[in-house]
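Reviewing the structure listed below.
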Amino acid sequence: MGRLPFIIAIFLVGITAKTISPMIVETLIAMGFLMPQQPSPDSTVIPIPVVEYKKSWKCPDCSESEQYVLGKLQEKTKITDRNALATIMGNIKQESKFISNICEGGARVSYKNCNSGGYGLIQWTSAGRYKGLGSFANKYGCDPSTLQCQTRYMINENIFQRYLPEFEGQDFTISQYMAPAYYWLGWGIKGNRELYAYDYSEKFILS
């Protein structure tokens with residue numbers, strides 16, 4: 001069989017199979033009947049972006065509520081110092097044990113049913129701060145009795161934002177961080193908040 005009939009036969013087989021197989025294409029290129037396909041000049045190779053993993057402080061031995069707040073503090077602020085995070089967490093534990101729907105005195109009630117004293121994660125007490133939580137929840141469509149809503153409010157509240165630079169970019173001891181924590185919360189009884197902070201600092205791992 002001559003080269004031309006051979007090529008026609010190969011072509012007919014390719015048509016019958018609905019597509020020309022790679023082997024047939026290679027044969028045609030080798031015999032000089034086809035030129036190797038060149039990449040289009042317009043085609044560009046788009047590199048896959050490399051997402052750099054950013055380490056953060058984690059607390060495997062903490063409750064889900066504690067882990068949630070710890071994560072959000074790092075996600076929504078520039079706090080990277082272990083002691084700063086531990087101080088904030090220790091103060092929250094002293095105020096509420098990370099129970100969002102707790103009213104001062106221990107009652108577990110919804111936001112609207114806490115009629116006196118502080119309420120929530122950091123026991124918002126003054127009328128302005130308590131009403132601020134309700135206004136924030138109404139504006140952003142979240143439940144003011146929940147951990148998620150209160151964490152958002154806590155981080156965005158103007159008083160926390162005022163003292164946030166004291167926790168960001170510093171390299172203080174826990175005792176030193178207690179000063180801005182006091183001005184942020186204005187506690188009446190110090191309690192075990194500093195001991196809690198030291199405990200968190202020991203449990204945190206960077207991963």
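The values are calculated or read from the model by the stated rules, or taken from the named source; none is laboratory data. In this text, all values refer to a predicted model and were calculated from it rather than measured experimentally. Reconstructed Cβ throughout: ideal geometry from the backbone, glycine too, with neighbour counts over all protein chains shown.
Surrounded by 21 or more Cβ atoms within 10 Å (Cβ to Cβ), closer than 24 Å to residue 134 by Cβ and either modelled with pLDDT under 95 or under 17 Å from the mean Cα position of the chain (by Cα) (or both), is that true of residue 85?
Numbers: surrounded by 21 or more Cβ atoms within 10 Å (Cβ to Cβ): yes; closer than 24 Å to residue 134 by Cβ: no; either modelled with pLDDT under 95 or under 17 Å from the mean Cα position of the chain (by Cα) (or both): yes.
No.
Candidates in the range 50-72 are the residues that are touching a residue at least 60 places away in the same chain (Cβ under 8 Å) and in a loop (DSSP other than H, G, I, E, B); of these, the one that is nearest to residue 86 (Cα to Cα) is 59. Residue-level analysis places residue 133 among those that are touching a strand residue (DSSP E or B) at 6+ places or on another chain (Cβ under 7 Å), closer than 19 Å to residue 185 by Cα, buried (at least 20 other Cβ atoms within 10 Å of the Cβ) and in the same structural domain as residue 159 (by TED's automatic domain parsing).
Going by what's in this entry, would residue 115 be described as assigned by TED's automatic domain parsing to the domain that holds residue 188, in a helix (DSSP H, G or I) and not charged (D, E, K, R)? When the stated conditions are applied, residue 115 does not pass them. The residue of the range 182-204 that is nearest to residue 66 (Cα to Cα), among those that are part of a helix (DSSP H, G or I) and either in contact with a Cys (Cβ under 8 Å, 6 or more places away or on another chain) or free of Cβ contacts under 8 Å to residues at least 12 places away in the same chain (or both), is 200. Scanning the range 105-125 for residues that are loosely packed, with under 11 Cβ neighbours inside 10 Å and either more than 22 Å from residue 69 (Cβ to Cβ) or among the hydrophobic types (A, V, I, L, M, F, W, C) (or both) turns up 105, 112, 115, 116.
Of all the criteria given as (1) crowded, with 18+ Cβ neighbours inside 10 Å; (2) assigned to a loop (DSSP other than H, G, I, E, B); (3) under 19 Å from the mean Cα position of the chain (by Cα), the one not satisfied by residue 153 is (2). Is it true that some residue in the range 160-181 is over 20 Å from the mean Cα position of the chain (by Cα), outside any helix (DSSP H, G or I) and over 19 Å from residue 193 (Cβ atoms)? Yes, the conditions are met somewhere in the range 160-181. Quick check on the range 131-175: of everything there that is at pLDDT 95 or above and of a type in the set (D, E, K, R), which residue is nearest to residue 121 (Cα to Cα)? Among those residues, the one meeting the criterion is 152.
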